[in-house]
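The values are calculated or read from the model by the stated rules, or taken from the named source; none is laboratory data. Note that the coordinates shown come from a computational prediction; the quantities given were computed from them, not determined experimentally. For neighbour counting, all protein chains shown are included, and Cβ atoms are generated from backbone atoms with ideal geometry for every residue, glycine included.
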Amino acid sequence: MSEIEQTMADASRFRLKKTVALVGMMGAGKTAVGRAVAAKLGVPFLDSDAEIEAAANQTVPEIFERDGEPFFRARETEIIKRLLETQAGILSTGGGAYLSQVNRENITRQGVALWLDADLSLLWSRVKHRDTRPLLRTADPLATLTEIYETRTPIYALSDLSVRCVPDTSIEAMADRVIDVLLTRADVLERNDA
């Protein structure tokens, strides 16, 4: 059986009932893990940042620079609301999306929030060599990341579900861990009877 055939066979074993919004810090793996989970479940992968970039024909850093963070956050809320209203899938949200009360309410009403919970040292190891994070374009990016982490973590902890990110865990293994947690909620994900 080819890899594609195996993925399709695996996906037919599950039925996703609600959109799963992956929330968490930049560098937690929302996009990479989200893509893997979506492939394993045979459902659409949605990315709020990618949708915003496509609509604006600019990158997130360019939007931040040109229009500012408040403008970006307003577009983010519009996009997330729209994506939650489409068919059930795996939705990767931007690191700041879940801070918005409106976004939290929309996600709770139409889906479920799953926090990819990564500690600060793991996040720093993943983002320190990238310049694509507009909030980290400061004189001391580690101090900035630390401040963001300390501010956001209590809000991420409000999520319906969480999966701890462990260093040196493959994307595939993380995806399996996410699926295992989703299976604890019959209103979100269930196995199809074979």
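For the range 167-185, what are the residues that are under 17 Å from the mean Cα position of the chain (by Cα) and in contact (Cβ under 8 Å) with a residue 40 or more places away in the chain? Within the range 167-185, I171, E172, M174, A175, D176, V178, I179, V181, L182 meet the criteria. Looking only at residues in the range 163-180 that are in a helix (DSSP H, G or I) and not charged (D, E, K, R), the one that is surrounded by the most Cβ atoms within 10 Å (Cβ to Cβ) is V178. Among the residues of the range 181-193, those that are surrounded by fewer than 18 Cβ atoms within 10 Å (Cβ to Cβ), touching a Leu at 6+ places or on another chain (Cβ under 8 Å) and either among the aromatic types (F, W, Y) or part of a loop (DSSP other than H, G, I, E, B) (or both) comprise L183, T184, R185.
The set of residues from the range 55-84 being of a type in the set (A, V, I, L, M) and at pLDDT 90 or above comprises A74, I79, I80, L83, L84. The range 1-118 holds strands (runs of 3 or more DSSP E) entirely within its bounds, and those carrying 1 or more residues that are out of contact with any Pro (no Cβ under 8 Å at 6 or more places or on another chain) and surrounded by fewer than 17 Cβ atoms within 10 Å (Cβ to Cβ) map to 14-16.
When L123 is tested against (1) buried (at least 18 other Cβ atoms within 10 Å of the Cβ); (2) within 24 Å of K18 (Cα to Cα), exactly one condition is not met: (2). When T184 is tested against (1) touching a helix residue (DSSP H, G or I) at 6+ places or on another chain (Cβ under 6 Å); (2) over 18 Å from G27 (Cβ atoms); (3) of a type outside the set (A, V, I, L, M), exactly one condition is not met: (1).
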